[in-house]
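Novice: For reference, the structure I am asking about is given below.
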Amino acid sequence: MGNPLIDLVVAIVALGGAIGVIGMLRTGSLYQRIGQQGDSSTALPRPEPRPGSPAAIAERDLEIRQMLQARSDRLVRRGHAPLDLDAEVARLTAEPSGAPPREPGELSAADAHRHDPELVEELRQLAEARNQRRMRRGEAPLDVRAEVQRALAELDI
């Protein structure tokens with residue numbers, strides 16, 4: 001016989017190979033199971049809740065709370081007082097009062113001062129770049145001021 005260490009390594013490799021082949025034959029091909037029921041990797045996404053349903057309202061409130069928490073964290077990092085999340089969520093989700101609805105993109109004077117000047121400048125630059133692309137395609141340019149107001153309104157929570 002040869003070296004006992006080499007014999008041991010060869011025996012372990014042979015045993016491992018045999019176990020691997022037996023395991024592969026017993027389980028079948030993984031490719032045949034793709035898409036079958038019960039595979040968590042192929043689970044369908046859950047459907048969106050119906051608009052206005054309690055589930056949709058709860059999901060909306062949760063997302064608003066998460067965004068407000070992020071805003072509050074940023075304010076605290078800048079040295080400001082944190083937001084009262086419950087009051088802000090209640091304010092934002094309350095039914096509108098008798099005030100006339102604003103046009104899309106139109107900011108009230110009270111809202112205009114809340115935005116960071118750097119953010120407004122960045123949005124203005126984006127609107128100008130978008131206009132340059134539109135003009136290269138032969139399309140009419142958009143009003144930069146209105147586009148900035150629209151973007152701020154979309155970002156405003």
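The values are calculated or read from the model by the stated rules, or taken from the named source; none is laboratory data. Here the structure is a predicted model, which is why all the values come from computation and not from measurement. Note: ideal-geometry Cβ built from the backbone for every residue, glycine included; neighbour counts use all protein chains shown.
Novice: Condition test on Leu68, is it hydrophobic (A, V, I, L, M, F, W, C), at pLDDT 90 or above and surrounded by 14 or more Cβ atoms within 10 Å (Cβ to Cβ)?
Specialist: yes
Novice: So, in the range 107-121, of the ones that are at pLDDT 60 or above and of a type in the set (Asp, Glu), which residue ends up surrounded by the fewest Cβ atoms within 10 Å (Cβ to Cβ)? Spell out the reasoning first.
Specialist: Our first condition is that a residue be at pLDDT 60 or above; within the range 107-121, this holds for 114-121.
Filter again for of a type in the set (Asp, Glu), leaving 116, 118, 121.
On the way: Asp116: 10, Glu118: 8, Glu121: 11.
Applying the filter and picking the extreme gives Glu118.
Novice: Any residue that is assigned to a helix (DSSP H, G or I) and modelled with pLDDT of 90 or more - is there at least one of those in the range 85-106?
Specialist: No, every residue in the range 85-106 fails to be assigned to a helix (DSSP H, G or I) and modelled with pLDDT of 90 or more.
Novice: Residues to consider are Ala56, Ala81; find the one that is hydrophobic (A, V, I, L, M, F, W, C), modelled with pLDDT of 80 or more, part of a loop (DSSP other than H, G, I, E, B) and within 30 Å of Ala94 (Cβ to Cβ).
Specialist: Just one listed residue meets the conditions, Ala81.
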